[in-house]
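The values are calculated or read from the model by the stated rules, or taken from the named source; none is laboratory data. Given the structure is predicted, the values throughout are model-derived calculations rather than measurements. Cβ atoms come from the backbone with ideal geometry, glycine included; neighbour counts cover every protein chain shown.
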Amino acid sequence: MVADPPWQPTLIHPARGVGELWRGGGPAAPHALARLLGRTRALLLAALDEPATTSRPARARGLSPATVSAHLTALRESGLVIRRRVGRAVAYARTPLGLALLHGGETPGTDAPPPR
């Protein structure tokens with residue numbers, strides 16, 4: 001916090017997600033998941049670590065927001081993502097099913113499912 005005169009008191013904090021700047025194009029789609037869902041849908045599902053509107057993944061992947069919206073709609077209709085209105089925007093997030101599919105049937109922080 002900067003509060004020394006002659007400056008106006010100012011609170012400074014790092015921007016959220018700044019570490020993602022050096023990651024490259026975002027997460028890679030797991031190969032088997034890409035074969036199941038298609039590369040773009042697998043990449044979008046993997047990229048939803050935090051709820052996002054269509055514009056952020058569109059910019060990150062070089063896709064149009066309409067294309068991202070179509071893929072997210074298919075994922076939503078399959079029960080892999082949900083959408084919530086946040087003010088005037090619509091944010092998408094993974095469901096527990098989407099998270100389990102992304103992690104090969106194992107939800108992080110839980111025991112592996114019993115073998116069949």
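Below is a table of values for the structure above.
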item	result
Candidate set from region 39-66 (those that are without any contact (Cβ under 8 Å) to a residue 24 or more places away in the chain and among the small types (G, A, S)); member that is farthest from R88 (Cα to Cα)	A42
Some residue of region 23-31 being among the basic types (K, R) and modelled with pLDDT under 90	yes
